[in-house]
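Encoded as structure tokens, the structure appears first; notes follow it.
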Amino acid sequence: MDSFEWLNGYTVGLGLHHVDFTHPSRPRTPKRSAHYYYQVVRDNGFPQSEDGTPVYGNFRKDFIWSTATASYQIEGGWRADGKGLSIWDKFAHTPLRVFNDDTGDIACDSYHKVEEDVAMLRRLKVTHYRFSISWSRVLPDGTTKNINEAGLNYYRRLVDALLIANIQPHITLYHWDLPQALQDVGGWENDSIIDRFREYADFIFTHLGDKVKFWITINEPYNIANIGHGYGAAAPGISFRPGTLPYIVGHNLIKAHAEAWHLYNDNYRTKQGGIISITINSDWSEPRNPYKQEDVEAARRVVQFYIGWFAHPIFNGDYSDTMKTIIRERSLAAGLSKSRLPEFSPAEIQRVKGTYDYFGFNHYTTVLAFPVEYGNLQHYDADRGAGTIADRTWLDSGSGWLKVSPFGFRKILNFIKEEYGDPPIIITENGISARGPVDLNDVHRIHYYENYINQVLKAYLLDGVDIRGYTAWSLMDNLEWATGFSERFGLFYVNRSDSKLTRVAKNSVARYATIITCNGFPDPTLGPHECLNPEPEGTSAPSTTSPILSVENVSFLGMELSSGSAEVALYSIFALSITGVLSVIAVTYLYRKLNSLA
């Protein structure tokens, strides 16, 4: 137990049990370490847990294997061919908003590199590719009054190139880059955005829908509402009304999604035959101390205020009772006349409920929750009433918020199954970052994918979760929003010191391609499987010179020569021919000269 620690007195607690020295009876409370040590004693060591034991088997035969990007993060061409400004263009050009003042002006230059991007996808052996449309690239002012055909043609070329490569496009209509012209009239705070988003979706369905069968309306509404309009750490960077604005924005996002879903369902589904949903992101939350009821309840609130904020209205109808009750009571206690959380009318509840074909889900990490009292502060965090930390034993990443905790993936997939009526799930993002010196031997990423995808397989095989697909984030290193290019999530390294922005495969490319080829994890006790033979990848950072082209044999004058040897031979023959011609000319000249002298 905590005790008198010599010269440090009572300021240092080394005990398994906390002792409250301010109380006359000195009550003892077991710390989490006490429970952990009890388990070690009980188990007489460290037996392999079910979470840490891999499962072997395969996903369904039609399982979707994908990787993903977002338009602002990779496209570049920020003013090319008539593109309008987006809120991320403005945010990134505002000093001190993005690390190192990085911008997406060029990014990975994917606007000019369709063929290179598709070549990377072919190498990964993915069946699908998730990318987003830049709203301001196709509709510069956000409306159909001004259509940018050049921008639309870029997406047509990309879709056609994907289909030729037998890769299905999975398009996100909105991945955070709102046209600045719409932000200037209120953006997502102004409920007119619902009609503008429906109009934009209609335009895209009309021009690309005959070739695209997989759609996402909006990516991560939580981040748009709370990070962009609460904390102000992402575009449009609003933080002066964090108590009300995030909920208003979230409300409009949900209704805009519903209108786009109904539009597709009513006007396009029959003739285009696609599916459409929203992508919701969430961490999993565990109680910091699983033996404290306050921590257990805090963990539940974290999940309800995160995934539940948007999933509950769409899948169950209306906001959860947890959110409605807490926000209403705290709003009224602060003297407000009504809840800061907007209400859906009965008609809106019916309009929103059931607007999904699958549960699009982004997941990266797990947090440990504990209760925090914020007093009368009117803010999302105060409404949630919880703080979060990470277990110090979890492996780190290149992002401060992302700790490697695979077990949480299986738990939150089961939560989705139980909470939202067992919907089909497509994992639309999952991955890990790195920072610092570039190392193409990215063993940490391989470890992450192997363990997280195996937890997905456990949820599918052991728990009966209806999982239809998995998407690795991301295809290549790109502009990671406010952290700029400092955090790298890519399977492919983008050499930014090379003007050509050369893409180079990391070792994780081969491992992910192997998992895709195997459609899971073959049982090693059954002997080596043919799908476990990946192509070798490079293990060091590339030079700034252009990559060496492969050598192919060609037929030259009846001989099989390498292309280089044939080129040398051709130049040699050409040189000999020139020499021969010059010799003939010289001899002829001398002969005529001698005759004239004679």
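The values are calculated or read from the model by the stated rules, or taken from the named source; none is laboratory data. None of these values were measured; they are calculated from a predicted model. Using ideal geometry, Cβ is built from the backbone for each residue, glycine included, and neighbour counts are taken over all protein chains shown. Calculation scope for accessible area: heavy atoms of the full protein, side chains included, ligands and nucleic acids excluded. Shrake-Rupley method; radii C 1.70, N 1.55, O 1.52, S 1.80 Å.
When Kirkwood radius over Cα pairs in Å is calculated for this entry, the matching label among (1) 28.3; (2) 27.1; (3) 26.3 is (2).
Filter the DSSP H helices in the chain by two things, a Kyte-Doolittle mean of at least -0.5 and an axial alpha-carbon span of 20 angstrom or more, and list the hits by number. Present the calculation step by step, with values, prior to reporting the outcome.
Values: long enough: 149-164 (22 Å, 0.31); 193-208 (22 Å, 0.17); 245-267 (33 Å, -0.28); 293-311 (26 Å, -0.05); 443-461 (26 Å, -0.38); 563-597 (51 Å, 1.05).
Helix filter hits for the chain: 149-164, 193-208, 245-267, 293-311, 443-461, 563-597.
Quick one: grab the alpha carbon gyration tensor of segment 288-413, order the square roots of its eigenvalues as a ≥ b ≥ c, and give me rounded if a/c is under 1.5, else prolate or oblate depending on whether a/b is larger than b/c. Cα axes put segment 288-413 in the oblate bin.
Over 22 Å between C-alpha atoms is what I'm after, so list which of K61/K125; K125/K411; K255/K324; K113/K271 land there.
Flagged as over cut-off: K125/K411; K113/K271.
Of all DSSP beta bridges confined to the chain, the antiparallel ones make up roughly 35%. What's the center-to-center distance, using Cα atoms, between segment 387-426 and segment 101-164 in Å? Between the Cα centre of segment 387-426 and that of segment 101-164, the gap is 30 Å. In a shell of Cβ-Cβ distance under 15 Å around D318, excluding D318 itself, what net charge do Lys and Arg (+1) and Asp and Glu (-1) give? Within the 15 Å Cβ shell, the charges total +1. Taking the chain as a whole, the Cys residues whose C-beta sits 4.7 Å or farther from every other Cys C-beta are C108.
Sort 28-35, 441-448, 17-24 for me by packing, meaning the mean count of neighbouring Cβ atoms within 10 Å per residue, highest on top. Let's see the in-between values first.
Details: 28-35: 14.9, 441-448: 18.8, 17-24: 11.6.
Highest-to-lowest ranking by the protection proxy: 441-448, 28-35, 17-24.
Tally Lys and Arg at +1 and Asp and Glu at -1 over the other residues with C-beta under 12 Å from the C-beta of Y470: what net charge comes out? Walk me through the numbers on the way to the answer.
Numbers: positive: R60, R130, R468; negative: E429.
My count for the surroundings of Y470 gives +2.
Averaging the Cα positions of each part gives two centres, and for segment 300-365 and segment 492-532 these lie 39 Å apart. Given a 1.4 Å probe and the protein chains as shown, T325 ends up with an accessible area of around 50 Å². Straight-line cross-link reach from K211 at under 16 Å between alpha-carbon atoms covers these aspartates and glutamates, not counting any fewer than eight positions away in the same chain: D160, D202.
Approximating the spin labels as points 7 Å out from Cα along Cα→Cβ, the A150-to-A334 distance works out to 4.7 nm.
Among residues other than D89 with Cβ under 12 Å from its Cβ, the summed charge is +2 (Lys and Arg +1, Asp and Glu -1). Per-residue packing, averaged as other Cβ atoms within 10 Å, sorts the ranges 287-294, 345-352 into the order 287-294, 345-352, beginning with the highest.
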